[in-house]
1. Taking every alpha carbon pair in region 64-124, what does the distance histogram look like in 5 angstrom bins from 0, in percent?
2. Where the Cα atoms of region 99-254 are projected onto their three principal axes, how long is each span, largest first, in whole Å?
3. Just for the Cα atoms in the chain, what are the lengths along the principal axes, largest first, rounded to whole Å?
4. Show me 194-202, 422-430 ranked by packing, highest mean number of other Cβ atoms within 10 Å first.
5. Kirkwood Rh over alpha-carbon pairs of region 12-301, then Stokes-Einstein at 10 °C and 1.306 mPa s: what D in µm² s⁻¹, rounded to an integer?
6. Starting from the Cα coordinates of region 317-391, work out the convex hull volume and express it per residue in Å³.
7. Just from its helices, what would the mean residue ellipticity at 222 nm be for the chain, if runs of 4 or more DSSP H residues each count -39500 (n - 2.57) and the sum is divided by every residue, rounded to the nearest 500 deg cm²/dmol?
8. Between Glu325 and Thr613, with labels modelled 7 Å along Cα→Cβ, what's the label distance in nm to one decimal, could you check?
Amino acid sequence: MTDLPDLCGRPLVLLKAAPEPDQIADRLTGGPWSGLELCLSPAHVAEDSALDRAADAARRGLDGLELAVTAEAPVSWPSGAFVRVDRLDDEARRGIERSVRFAAAVGSPVLTIHLFTPLAADDFRSGEPADEAEVERFLRFYSDACLAAGVTPLIENVPPVLRMRTGGVYLSPIGGHWRDLLAWRKRVPELGFTIDTSHAGLFRTFVAAYPSLHELASDDELDLTRYVDELGPECHVAHVSDAHGLLGEGLPYGDGELQLDDAVRQLGRLVPYLVAEINEPDPARSQLMKAGYRAMERALQSPETTRRQARRIPADQFAWHTVLERRDPVPSLLELQEQFGGRRALVTGGGGSIGRALTSFLVGFRPERITVLDAHEASLIADRRARDALALERIAHVLCDVRDSGRMEREIANARPDVVFHLAAYKHVDWAESFPDEFVDTNLRGSWNVLRAAEAVGVETVVVASTDKAALAASFYGKTKRFMEQLSAYAARRAGGRRIAVRFVNVLGSAGSVSELFLRQARAGVPLTVTDTGMLRYWVTTGHAVTLAAHGALLAAEGPVLATASDPLVLTVGELAKRLWSRTGGEGEPELDVVGIRPGETLSEVLIAPGETLGEERRQGIAPIHGHVPTAAPAWVAERLPSRGSPEEQRTVWLEAMRRPGLLSPGAASGERPQTA
């Protein structure tokens, strides 16, 4: 068995190959090289004879050479089933035993296996957490088999999205965070670690974009240096490659976003084997891998220049998804990457809580540019200060009011977005009753300005944020939002499609929401201010709201002009207050200050109005709304708005249009009774 290298000198840098004669021969050309990591495929562990052939090929290829060798188990078994650490069936036992036998036969001191339980997107969202008893049983069997053969068992961190060379998208509830590896080593102390730099980089990027899917609040503590600090003392192998965005895995050294030179020097002090694990276009060739090998050698020989990432203000760690007791929707990542990768987007109301979260999500797909537009200076400044340098390279912050048609035309023309998310709006129901002119100016005149400016410069897709309160338009605020939906449908007909209004519901934790107020009050230990404990509302997390908007852009290309959340949770305001009280450590029943329903509010919300039907969920978390969206009122406005009229003159036209019957939701005038939450 090959001994571990002495780190008083320097670690060994290895190339990677399958135990096939052509790959081994290719890797050994152009040397000298320190060694190889041999990665088994399902075919290699299908039968004892196949394993023997793989071991013989490795021994013949390396015969007479003083090279280090490490081994890695397959990611799936011969049947096609993934190597899941919560599934120790007969095939898994045979696969583990053969993988261990291979490692011992080729003289590898270690064997690496991925710490994951791959699930398809639907199973991930609806499935239970990994069965810890089964995971422990698997890892103990794996560990015992390795130790019996004189091989050290290693577990490797995994990326957030597992494409597994099959074209599918899979996710694992365990294995992405360095804490997972530490936790399982605590239960099975014989385990060591393999660190994959690309996987760590991708996991951090995903959590920065969409933290709640992995039940985290932010990407704090997930930079690559932290992985090395935490796992390095018990790490035997490091797989080194670059990463980009959410899906760019195993990239050539220096072609991504990681500071690999710094990481390699840090790893070099702790880890015996560094493997150039780079995805080659042709696995039989290793040009990029060998370039990575040389880059690692240079990094190990160069002076220490490690720069620790500047610490940011920690994010609020409250886990809103736990209030709903279920996972957020899984984004349609491959479609969204095609929609946003390398393209341009603009977000109005981008300084608000949903706008900020949406921008963070879009940044993960590495667009060319995101223009974050808002009229609230403090919100824009706060957003800019909260973002790291990598994100700011792709973001332009613009201080602009959607009410100003001239500015909107110039800014949208300047930004040249492919997609516009129009989130800017006033949203408090009772204030709409008190200040109707302000709501008309922002929600209607502002939306008209955005839609017209988008049409003028040929924006491909516009997603307009509406609300469930638009379904019946019972309040003045609801009427403005219902009219916004009609404006969007009217713009779709004028622009030839790809204009969609998406009805949001109550978003937990959003700025100014009752849920945010409850959280602050519960933490302070003061009575929770409740309008009416029996008031029924639909609820989603910010993460769900983000996917609702992003998936809306995909849905718009398929024809629908109206959509909404497919499965929001229904809770009374009193139930929500109790859940938040409990999850902040409160005991017993919370003390409530019941203030009564405010002007414009109703006891129950309606998601789908009479005359409308909710279609099938096409992507997680969103479904189209079928039904006629009248556009007579927008057409009436378009004919009468003065082209150069003052804001007051324009407001008069909008207010008159608000009184027109075309604004009513379908069926409302016929006396049909809608289904309430």
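Read the figures in this text as sums done on the coordinates, not as results from a lab. This structure is a prediction, so every number in the text was calculated from the model and none was measured. Cβ sites come from the backbone with ideal geometry, for glycine too, and all protein chains shown count toward neighbours.
1. In whole percents, the pair-distance histogram is 4, 17, 24, 21, 15, 8, 6, 4, 1, 1, 0.
2. If we take the Cα atoms of region 99-254, the spans are 43, 38, 30 Å.
3. Computed over the Cα atoms, the extents are 90, 55, 43 Å.
4. Going from most to least packed, we get 194-202, 422-430.
5. The calculation lands on 84 µm²/s.
6. Roughly 110 Å³ of hull volume per residue.
7. -11500 deg cm²/dmol
8. That separation, rounded to one decimal, is 3.2 nm.
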